[in-house]
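Worksheet: one structure, shown below.
Nothing in this text is a laboratory measurement; each read-out follows from the coordinates by a stated rule. Here the structure is a predicted model, which means the values were calculated and not measured. Using ideal geometry, Cβ is built from the backbone for each residue, glycine included, and neighbour counts are taken over all protein chains shown.
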Amino acid sequence: MSVTVNWDGDDIKREFSRALAESVAAVTIDTQKEITDTLNRGSSNRGRTPSPPGSPPHRDTGALANSFQLTQKSQHTQHVSSPLVYAAVHEYGNRTHPARPYVRPSVEAVESRKGETIAPFVRDAVRRLM
Amino acid sequence: MSQQITTGLHSHLTGDKSAGSLYAALGGRIYDTFAPQDTQLPLMVVQKVTNPVTRSVRDVDKQDGTYQVDIYTDKDLGSSIGEIEQKLYDRLNGETFEVAGHDRAVATCINRDRRNIDGDDAIRSMSEYRIQASSSTS
């Protein structure tokens with residue numbers, strides 16, 4: 001007696017590629033939202049008092065928080081970026097201005113929950129294959 | 001707590017003042033958070049990127065945070081920045097050092113030697129190190 005197993009690899013590749021693309025999109029959107037939320041959590045700063053070094057910049061006009069855009073680079077790669085010159089100056093500082101990081105802490109927060117973010121897409125892929 | 005790690009990191013980086021050390025290569029200009037205006041080059045600035053997160057595993061509290069270490073040199077002396085960065089890497093990556101309130105701390109390089117121009121006269125080499133400080137609770 002024998003049993004033949006037909007493993008339809010193309011179906012699996014297609015469904016998991018779709019799940020991966022959906023996961024990348026979800027994590028990217030989460031990253032953009034987290035950056036915006038981090039910047040909006042800073043106290044309003046019409047008095048122009050700088051935030052303490054090492055903490056996200058205070059909110060002034062909200063231009064920085066609203067400047068982050070998503071760009072699709074390939075099926076599985078997306079960028080989150082700001083065209084504002086001072087976006088990088090706040091993040092990394094320079095010789096005489098301390099860094100006020102807001103992107104890297106946001107990415108760290110997104111990283112810590114990425115399993116929860118992508119799980120529904122993986123589950124859906126498995127369900128479609130059943 | 002994060003200030004204790006920053007202080008411990010700064011002390012470790014300035015701890016070896018021998019000829020050929022990182023400290024000697026920078027003329028002692030190693031600063032916490034930012035450099036004073038018009039400081040002579042080369043110089044180094046150490047600053048916190050993320051607030052250390054505390055995790056408890058089997059009677060050991062671990063604090064885990066990311067720190068940015070920037071080296072600035074004169075733009076016309078670009079070749080020396082690599083030598084200073086190597087001294088930084090050798091002094092820090094995988095090394096153990098003392099932090100007040102903890103048994104020990106370990107540094108691991110997670111991003112190394114990304115360069116950009118700073119102002120009219122300087123090159124910056126930027127690196128990131130993950131610092132894990134641990135202390136026994138039993």
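Rounded, prolate or oblate: which fits the protein assembly as shown when a ≥ b ≥ c are the square roots of the eigenvalues of the alpha-carbon gyration tensor, with rounded for a/c under 1.5 and prolate only if a/b beats b/c?
Here the protein assembly as shown falls in the prolate category.
Mind jotting down the distance between the C-alpha centroids of the stretch B:91-138 and the stretch B:25-52, whole Å?
Taking the Cα centre of the stretch B:91-138 as reference, the centre of the stretch B:25-52 is 13 Å away.
Compute the acute angle (0 to 90°) between the alpha-carbon long axis of helix B:2-15 and the principal axis of greatest extent of the alpha-carbon atoms of chain B; round to the nearest 10°.
Its long axis makes an angle of about 50 degrees.
To the nearest 0.05, how large is the calculated FRET efficiency for residue A:2 and residue A:123 if R₀ is 25 Å and r is the Cβ-Cβ distance?
Approximately 0.15, to the nearest 0.05.
For chain A, find the longest principal axis of its Cα atoms and tell me its angle to the long axis of helix A:114-129, 0 to 90°, nearest 10.
Between the helix axis and the principal axis of chain A, the angle is about 20 degrees.
Could you list B:127, A:17, B:80 in order of exposure, starting from the residue whose Cβ has the fewest other Cβ atoms within 10 Å?
A:17, B:80, B:127
Taking R0 as 51 Å, what's the FRET efficiency between residue B:104 and residue A:17 from their Cβ-Cβ distance, rounded to 0.05? All intermediate terms of the calculation are to be shown ahead of the outcome.
Values: r = 45 Å, r/R0 = 0.88.
Rounded to the nearest 0.05, the efficiency is 0.70.
D for chain B, whole µm²/s, Stokes-Einstein with Kirkwood Rh over alpha-carbon pairs at 4 °C and 1.567 mPa s: what number?
The diffusion coefficient I find is 84 µm²/s.
Rounded, prolate or oblate: which fits the stretch B:1-63 when a ≥ b ≥ c are the square roots of the eigenvalues of the alpha-carbon gyration tensor, with rounded for a/c under 1.5 and prolate only if a/b beats b/c?
oblate
Computed on alpha carbon atoms, what radius of gyration and Dmax characterise the stretch B:66-114, expressed in Å?
Values for the stretch B:66-114 (Cα only, Rg and Dmax): 13.2, 43 Å.
So, in nm, how far is label residue B:117 from label residue A:71 when the simple model puts each one 7 Å beyond its Cα toward the Cβ?
Those two pseudo-labels are separated by 2.1 nm.
Per 0.36 nm of contour for each residue apart, how much would the distance between residue B:95 and residue B:64 grow if the chain were fully extended, relative to their Cα-Cα spacing? Numbers along the way, then the final one.
Details: separation 31, 0.36 × 31 = 11.16 nm, distance 1.51 nm.
Gain in length upon complete extension: 9.7 nm.
Shape of the stretch A:17-79 from its Cα gyration tensor (a ≥ b ≥ c, root eigenvalues): rounded if a/c is under 1.5, otherwise prolate when a/b > b/c, or oblate? Display every interim value, and only then the final one.
Details: a/c = 3.76, a/b = 3.06, b/c = 1.23.
The shape class here is prolate.
Taking the convex hull of the Cα atoms, report for chain A its projected area averaged over all directions, in nm².
Projected over every direction and averaged, the Cα hull of chain A covers 10.9 nm².
In the structure shown, do any of A:13/B:48; A:114/B:87; B:48/B:87; A:73/B:87 have a Cα-Cα gap over 32 Å, and if so which?
Working: A:13/B:48 42 Å; A:114/B:87 36 Å; B:48/B:87 20 Å; A:73/B:87 37 Å.
Over 32 Å Cα-Cα: A:13/B:48; A:114/B:87; A:73/B:87.
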